Structures are given as C-alpha cells and as structure tokens.
Amino acid sequence: MPAYDEMLTAENVRRQHYERYGEWLDAQSADVISRRRAEADSLFHRVGITFAVYGEDEGTERLIPFDVVPRVMADTEWRFLEAGLKQRVRALNAFLHDVYHGQDILKAGVIPADVILCNTQYRPEMQDIDVPGGIYAHIAGVDVVRDAAGTFRVLEDNLRVPSGVSYMLENRKVMMRLFPELFAAHRIAPVEHYPDVLLENLRSVAPIGVKEPVVALMTPGAHNSAYFEHAFLAQQMGVELVEGQDLFVRDDSVYMRTTMGPRRVDVIYRRIDDDFLDPLAFRPDSMLGVPGLLAAYRAGRVTIANAIGTGIADDKSIYPYVPDMVRFYLGEEPTLQNVDTYILRKPEDLAYTLAHLPELVVKEVHGAGGYGMLIGPTSSHAEIEEFRLRILADPSNYIAQPTLALSTCPTFVEQGIAPRHIDLRPYVLSGRDITIVPGGLTRVALREGSLVVNSSQGGGTKDTWVLEQ
Amino acid sequence: MLSRTADHLYWMSRQTERAENLARMLDIHYRHSLLPHTAEEFERQWTATLLSLGQLDAFQKQHGDPTAATAFRYLAFDRENPGSIVSCLGAARENARAIRGSITSEMWETLNTTWLDVRSSTARATPEIGPFLEWVRYRAHLSRGVTLGTMLRDDAFQFTRLGTFLEGADGTARMLLARAQPGTELTDHASVPDSYAWTLLLRSLSAFEVYRKVYRDAVTPRRVAELLILRDDLPRSLHRCLLELHANLKLVGNQGSSETERRAGALYSTLRYGRLEDLCKDGLQAYLQEFLATLADLSWRIARDFLLPATAY
C-alpha cells in the first residue's frame with residue numbers, strides 16, 4: 001500500500017492546506033531552493049547548532065541536515081492531534097501516579113503486575129512519594145506518525161528527557177529569515193513562545209510554599225550530544241545551566257554554588273538520566289550527579305522535572321497498554337491510536353512474529369534512538385536470521401510492529417523535490433495545565449525509501465507549519 | 001552567577017587575551033627577522049622569549065635550541081602545546097561553548113568563527129607567519145569589540161574583564177621581561193640597535209605612535225618602561241590593566257574576597273603613585289619578576305574566592 005502523502009492525494013491533487021505553498025514551490029527554480037539551503041547550512045554552522053555523534057572522535061560536531069521545504073498541517077488536523085495528545089499525556093501521568101501509589105491498574109488486571117514490577121524502569125525509590133500536582137511527565141515528546149490511510153498513530157511516548165525542541169525553534173527562525181514572503185502569505189501558528197511556556201510550566205510545579213521558585217536546567221555537560229539544546233533552552237528561559245558539580249545538598253535543600261555564595265534551587269529541569277542523578281541513590285560511579293539529591297527530592301524540597309521513574313510509562317513493553325490506561329483512568333475512548341503491536345512475551349504473538357519477520361519491525365523494549373531494532377523489509381536474510389536468534393534467546397525483551405508506510409512530505413534532495421518519509425514530535429507540557437505549542441519537530445528520512453528518521457541514523461528535520469484558520 | 005560560569009568567562013577572556021599577547025610577542029621576532037641580525041643574537045632572543053613565557057624547558061626537550069622555524073611553529077601552531085596561539089584560541093572557544101548561554105550570540109559567533117577559521121587554515125599547511133599574526137590581532141580586536149559592544153554590564157561582564165586585564169598585565173610584563181637583560185639599565189639614551197629593539201617592542205604593543213605623541217623624542221629604555229608600566233592612559237600598560245582589574249574586582253566582591261581586593265589595590269597603588277626609579281631600584285628584570293609573582297598570587301586568590309566550587313559552605 002502506498003504511503004499517505006501530506007501534500008498530494010492519491011489522485012495527485014494538492015490538498016487544500018498545501019494550495020498556496022504548492023503554487024509557490026512550483027514557481028521556484030531548483031537553483032533558488034538550493035541557494036537558500038546553502039544559506040541555511042551556513043546559518044546553522046555559524047550559530048553552532050550542532051550535535052555530537054557518539055562513537056566518533058571526541059568533540060566531533062555535526063549539523064543535523066535541515067530541509068527547507070516545510071511540513072504543513074491543516075488547522076483541523078492539528079486540533080484533532082492536540083486533543084488526542086492531551087488525553088494521552090493526562091492518562092500517562094495518572095498511570096505514573098498510580099504505579100507509585102496504590103497500583104489500582106495492576107489490581108484490576110489491566111496490566112500484568114510483573115511487566116511493571118520486574119521492569120528495570122520501575123523505581124521503588126519513588127513509591128508513595130507525592131510530587132507537586134501529581135505530575136510526573138512535565139515534558140513529553142510524543143512521536144506521532146501517519147499510516148497509509150492518513151491516520152495519526154503514536155509510535156512512542158518519550159517521557160524521560162525528550163530532546164529536539166531547540167531544532168523546532170531554530171528551524172522556524174531560519175525559515176523566517178530565508179522565506180519571509182511565505183510567512184507573510186500564510187497564517188502560520190507561532191512557536192517562539194515555547195521557552196516562556198516551559199518556564200511557566202516548571203514554575204507551576206515548584207514545591208508547595210515556594211513563592212518565587214528558582215529554576216535551573218541540569219545538563220550532563222558540554223560533551224553531551226544535546227548540549228546545544230540545554231544551553232539554548234537555559235538561555236531562552238533565563239535560568240542557570242548547571243552541571244552536577246554546581247549543585248550541592250545541605251539539610252535536604254539543593255543549592256547552586258555561585259560567585260556570591262550558595263543559592264537555593266527549587267525546580268530542576270534535568271536533561272540527565274535517572275541513573276546519573278544521585279551517586280548515593282543510583283549509580284555510585286556517576287560523576288554527573290549530585291550526592292543527596294534524591295533525599296532532598298523525597299523530602300519535597302525540590303521538584304525534579306521530569307520526575308524520577310517516568311521510564312516505566314514510556315517503556316516499549318508498557319506502550320501496548322497506553323490505550324487501556326486512557327480507558328481505565330479517564331473513562332474515555334482514546335482519540336489517538338497506537339501502532340498495532342505484538343508483545344513477544346505472549347506465545348501467540350511470538351509465533352506470529354517469528355513467522356513474519358521479513359514484514360515486521362522488531363524493537364528491543366529498552367532500546368532508543370533507532371538502535372537495537374530490526375526493520376524486516378530492508379534487512380538481508382542473514383540479518384533477519386541473526387535477529388531471530390536474539391529474539392528466541394529472550395522473547396520478552398522484544399515487541400514487533402507492522403512496517404508502517406510513514407507518510408511522505410515533499411523534500412529537497414539531490415534530484416530536486418521528492419517525497420520522503422516523516423514523523424512528528426510535538427512537545428506536550430504538563431503543569432497546572434497541559435499546553436502544546438502548535439506543531440513540533442518534523443523529522444525526515446532523507447534517503448529514498450528509508451523509514452528511519454533518527455538524526456543519529458541519517459535523518460534530517462523540517463519546520464512544521466500549523467495553518468491557522 | 002554560577003562559580004563555574006564565572007570560571008569559564010574568566011578563562012575565555014584570558015585565553016583570548018593570551019593568544020593576542022602571543023601574537024604580539026611573536027610579531028617582535030617576525031619583524032626582527034626582517035632586520036639584519038646574527039644567528040646567535042636570534043637564538044638568544046628566542047631563548048629570552050621562551051624563558052619569559054615559562055616554556056623554555058618544554059620547548060628544549062622537544063626541539064633543542066630554538067630556530068625561527070621550530071619556535072614559530074611551537075608557539076603559534078602546535079596544538080600539542082597548550083601555550084600556543086592555536087591552543088589558546090581553541091581553549092577560549094571551548095570555554096565560550098561551555099557557557100554560550102551567558103554570553104551574547106554575537107560573542108559566541110565571533111569566538112567560534114575564529115576557531116573554525118584557524119582550524120581550517122592550519123589543517124593542511126602552516127600558514128605564512130606574518131599575515132597569520134596580523135589576523136590573530138585582527139580577530140582579537142573583534143573579540144574585544146563584540147564584548148564591549150554587546151554584553152550586558154553585569155557580573156558576567158566583570159568576570160570577563162577580570163580575565164582580560166589580568167592576562168593583559170601578564171602579557172605586557174612578559175614582553176618587557178623578554179627585552180630586559182639582567183643588566184638592562186633604564187637609561188635616557190640608546191645605541192642604534194638597542195633603540196631598534198625597543199621600537200619593535202613598542203610597535204608590537206601598538207604603542208609606537210602613542211610614544212611619539214607622548215614624548216616627541218627619541219626612543220630610550222627609560223621612557224619605554226615608563227610608558228608601558230606607569231602611564232594610566234595606555235590601554236596595555238601595567239597601570240591601566242591594574243586599574244581595571246582592581247575596579248572590576250571591587251564590583252564582583254563577595255564576603256570572602258576583601259583580602260584579594262586589598263592586595264590588588266596595593267599593587268595598583270604602587271603603579272598609581274610609585275616612581276620608576278623606586279620600582280626598578282634592583283633593575284627592570286627584578287621588578288618585573290616580582291610583579292609577575294604578585295599577579296600570580298592575585299590570580300590564585302581570584303580562583304579561590306570566586307571560581308572554584310566552594311565546598312566549605
């Protein structure tokens with residue numbers, strides 16, 4: 001079945017929300033587009049919007065390829081998606097609260113208890129701790145794709161330290177600089193207020209009784225692949241960018257070391273994994289964390305966003321149950337669907353998967369970033385057989401999904417404008433309210449036919465336009 | 001401000017300033033190489049320069065006695081030498097990168113572009129030294145301009161300036177030191193070759209035209225020393241640098257830094273009220289060595305009071 005194209009219908013007619021942009025695009029020569037793209041590249045380089053690639057020489061910095069052809073969404077599409085995302089994240093937060101309190105959902109038998117309690121992502125340290133507002137996933141980067149019928153489906157709920165939002169913001173800035181005429185001609189929903197919303201959101205979850213909460217963004221340091229984003233967001237929010245060594249805990253409160261002496265911190269927006277937060281509580285070899293941070297957190301003296309232990313809700317072994325969570329906690333039918341998923345710990349799903357490996361995508365339940373997965377249709381016989389052995393060795397470590405024909409979007413590649421597969425990562429902010437800046441980060445698989453959009457695997461990004469009516 | 005941020009700001013500007021000072025120092029040698037000279041004289045001067053930078057031992061271990069080619073390469077382009085121009089520019093950029101949120105994007109772009117350019121221009125071949133040194137100075141002017149032109153006048157600015165003036169005083173003192181022989185007397189007359197050497201020093205510190213304007217007279221060791229040490233209106237003089245250092249130190253002062261401020265003030269007042277004859281009563285060389293030692297003490301105290309993560313709170 002051919003993929004759904006964002007711009008063209010199956011009859012090759014431009015969709016309504018692409019009318020104006022399509023006309024403009026037709027009128028441009030490839031020369032103009034390629035010049036603007038070169039301009040964009042030099043802008044990104046000069047500003048230093050780069051990411052480090054693991055496994056290459058230390059200090060290697062690369063540009064994420066940027067495509068100058070935007071992804072355009074109709075107002076109606078966005079409103080549907082927005083409602084679905086809010087519903088989903090509300091349910092996920094309710095689930096996290098439940099898992100770390102009464103565990104009603106396990107008692108009701110909706111999710112098998114061992115899937116949760118034997119999961120390494122489940123953090124017993126969090127049991128019975130009350131977090132402000134009952135919010136665990138303050139920032140969610142939910143990956144959404146469209147199947148061949150054009151239906152939006154959630155591929156992953158990223159609830160730990162989702163990244164990429166700086167690209168959403170920088171892409172927009174660059175697009176406005178390169179194509180002011182297009183912004184004048186379209187009503188494109190703005191995204192530039194994201195840092196303000198984020199800061200407001202973080203302040204709204206400060207420990208009870210704190211009047212003027214001090215927020216800090218905690219980074220693993222300059223060698224982290226997403227360091228640019230950490231520095232960027234801290235600057236945009238006007239908060240300190242701290243490393244573990246900049247913080248210390250005294251009497252269960254967290255302080256920054258400043259040139260004027262210690263200063264208290266109330267909310268930590270951390271961009272560092274649970275394991276590295278506190279060497280006293282988690283990995284003792286972590287040089288990145290703050291000794292005593294968990295104790296301060298448990299005492300309710302500091303808010304950590306996202307909360308510790310959110311990984312239990314976005315683990316791939318939990319993902320198949322999210323629609324059930326919506327029904328269980330909200331009493332609603334889920335607006336957004338999952339991608340059909342085979343849970344290989346179930347014998348019948350395992351049997352089906354092993355019989356259909358060349359058609360399926362198989363993922364490790366704890367893998368991320370496009371690592372540790374098999375894409376059946378594009379893999380060789382040998383690769384499939386090798387992966388089969390890995391599955392058989394530990395079936396419960398895997399899930400399988402049909403290969404989705406991700407929707408395509410016109411993209412500027414060497415041969416000119418051509419369709420390439422895309423996904424979308426909107427950023428869902430939960431605090432006093434749930435807020436989503438219209439659109440998100442569109443990632444694009446630049447190689448023809450490729451379905452892998454991860455930047456670590458040759459993906460690029462696009463600006464995402466939600467057209468206001 | 002975070003102590004670590006202050007540390008990066010301070011070292012960002014110190015390394016930038018150091019790269020510029022090195023370029024100025026090498027510029028003397030470059031200009032000198034265009035004048036008639038003997039090989040021994042040349043080697044002696046390189047030795048004096050490396051010694052004043054505290055890099056003679058490390059250099060000799062690798063390269064033996066200095067030649068123009070090895071010394072230029074070592075001090076300008078050698079990435080293995082943390083004290084080379086290229087390494088300083090890289091370190092300045094790394095410090096800026098670590099705190100790019102605390103500096104303006106124009107500052108970051110300036111330092112980043114300097115580094116990207118130097119990296120690509122030195123990647124394959126060794127650039128011509130003359131134009132390279134000129135380029136380093138030009139980029140230093142840009143860095144200074146973008147700092148003054150874009151940065152909010154807050155504590156981040158003050159820590160940046162602290163680094164600039166500490167390193168500025170250090171650079172000027174070392175350049176004078178490289179010129180000063182154990183027996184150098186601050187006379188009011190000079191032989192022709194001597195006067196050439198002092199003129200080169202002035203030119204490399206962008207102070208030759210100033211000298212003419214101020215003294216309207218022949219170049220003599222005493223006046224050069226007076227200009228570079230005691231004039232408060234010459235941007236790179238020790239007096240000027242200490243004035244700025246002391247003023248910025250006062251602005252960032254905290255509960256524990258009063259002794260550091262006092263010592264900076266004491267050093268500053270010797271320059272403000274002292275006389276050249278008294279300061280240099282044991283010779284120019286001895287004075288400069290003592291000055292550099294006091295400066296090193298200040299540098300250590302600034303680090304202790306503001307920059308090192310405090311553990312004793």
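Quick rundown of the values:
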read-out: Yes/no for A:TYR297 being at pLDDT 95 or above, within 14 Å of chain B (Cβ to nearest Cβ) and either farther than 19 Å from A:ASN158 by Cβ or open to solvent by 20 Å² or more (accessible area, probe 1.4 Å) (or both); value: no
read-out: Answer from B:GLY101, B:GLY54 - the residue that is at positive phi and open to solvent by 10 Å² or more (accessible area, probe 1.4 Å); value: B:GLY54
read-out: Residue within segment B:134-146 that is closer than 20 Å to B:LEU162 by Cβ, more than 14 Å from chain A (Cβ to nearest Cβ) and surrounded by 22 or more Cβ atoms within 10 Å (Cβ to Cβ) present; value: yes
read-out: Flag if B:ARG222 is farther than 16 Å from B:ALA180 by Cβ and more than 14 Å from every other protein chain (Cβ to nearest Cβ); value: no
read-out: Selection count where residues are farther than 16 Å from A:ASN201 by Cα and not in a strand (DSSP E or B), scope segment A:246-267; value: 5
read-out: Failed condition for A:PRO279, given (1) within 29 Å of A:LEU85 (Cβ to Cβ); (2) more than 14 Å from chain B (Cβ to nearest Cβ); (3) in a loop (DSSP other than H, G, I, E, B); value: (1)
read-out: Of all residues in segment A:246-270 being open to solvent by 30 Å² or more (accessible area, probe 1.4 Å) and in contact with a helix residue (DSSP H, G or I) (Cβ under 8 Å, 6 or more places away or on another chain), the one that is nearest to the other protein chains (Cβ to nearest Cβ); value: A:ARG257
read-out: Residue satisfying all of: in segment A:385-428; in contact with a strand residue (DSSP E or B) (Cβ under 7 Å, 6 or more places away or on another chain) and in a helix (DSSP H, G or I); nearest to A:ILE343 (Cα to Cα) among these; value: A:ASN397
read-out: Count of segment A:111-131 residues which are assigned to a helix (DSSP H, G or I), open to solvent by 30 Å² or more (accessible area, probe 1.4 Å) and touching a residue at least 40 places away in the same chain (Cβ under 8 Å); value: 1
read-out: Check on B:ARG161, surrounded by fewer than 24 Cβ atoms within 10 Å (Cβ to Cβ) and either assigned by TED's automatic domain parsing to the domain that holds B:SER13 or among the basic types (Lys, Arg) (or both); value: no
read-out: Residues (of a type in the set (A, V, I, L, M) and more than 10 Å from chain A (Cβ to nearest Cβ)) located in segment B:98-110; value: B:MET107
read-out: Selection count where residues are within 16 Å of A:TYR136 (Cα to Cα) and not in a helix (DSSP H, G or I), scope segment A:307-317; value: 5
read-out: Check on B:GLU109, part of a helix (DSSP H, G or I) and open to solvent by 60 Å² or more (accessible area, probe 1.4 Å); value: no
read-out: Selection within segment A:60-82 - under 22 Å from A:GLN16 (Cβ atoms) and either in a loop (DSSP other than H, G, I, E, B) or open to solvent by less than 40 Å² (accessible area, probe 1.4 Å) (or both); value: A:VAL69, A:PRO70, A:ARG71, A:VAL72, A:MET73, A:ALA74, A:ASP75, A:GLU77, A:TRP78, A:LEU81
read-out: From B:LEU227, B:LEU245, residue being closer than 22 Å to B:ARG14 by Cα and touching a helix residue (DSSP H, G or I) at 6+ places or on another chain (Cβ under 8 Å); value: B:LEU245
read-out: Every residue from segment B:63-117 that is free of Cβ contacts under 8 Å to residues at least 24 places away in the same chain and aliphatic (A, V, I, L, M); value: B:ALA69, B:LEU116
read-out: Residues located in segment A:282-294, provided they are more than 14 Å from chain B (Cβ to nearest Cβ) and either charged (D, E, K, R) or buried (at least 22 other Cβ atoms within 10 Å of the Cβ) (or both); value: A:ARG283, A:ASP285, A:GLY289, A:LEU293, A:LEU294
read-out: Any helices (runs of 4 or more DSSP H) falling wholly within segment A:160-245 and containing at least 3 residues that are open to solvent by less than 70 Å² (accessible area, probe 1.4 Å) and within 14 Å of chain B (Cβ to nearest Cβ); value: A:165-178, A:227-237
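Here's the yes/no breakdown for (1) touching a residue at least 24 places away in the same chain (Cβ under 8 Å); (2) away from chain A (no Cβ under 14 Å):
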site	(1), (2)
B:LEU2	no, no
B:THR5	yes, no
B:LEU9	yes, no
B:ALA23	yes, yes
B:ASP27	yes, yes
B:ARG31	yes, yes
B:LEU34	no, yes
B:HIS37	no, yes
B:ALA48	yes, yes
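For every residue, the table says whether it meets (1) touching a strand residue (DSSP E or B) at 6+ places or on another chain (Cβ under 8 Å); (2) more than 24 Å from A:MET7 (Cα to Cα).
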| site | (1), (2) |
| --- | --- |
| A:ASP98 | no, yes |
| A:LEU155 | yes, no |
| A:PRO162 | yes, yes |
| A:VAL174 | yes, no |
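A quick yes/no check of all residues on (1) in contact with a helix residue (DSSP H, G or I) (Cβ under 6 Å, 6 or more places away or on another chain); (2) among the hydrophobic types (A, V, I, L, M, F, W, C):
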{"residue": "B:LEU26", "(1), (2)": "yes, yes"}
{"residue": "B:ALA58", "(1), (2)": "no, yes"}
{"residue": "B:ARG73", "(1), (2)": "no, no"}
{"residue": "B:VAL86", "(1), (2)": "yes, yes"}
{"residue": "B:ARG100", "(1), (2)": "yes, no"}
{"residue": "B:GLU109", "(1), (2)": "yes, no"}
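The values are calculated or read from the model by the stated rules, or taken from the named source; none is laboratory data. The model shown is predicted, which means the values in this text are computed figures rather than measured ones. Heads up, the Cβs are rebuilt from the backbone with ideal geometry, glycines too, and the neighbour counts pull from every protein chain shown. These area figures cover heavy atoms from the full protein model, side chains too; ligands, DNA and RNA do not enter into them. Shrake-Rupley method; radii C 1.70, N 1.55, O 1.52, S 1.80 Å.
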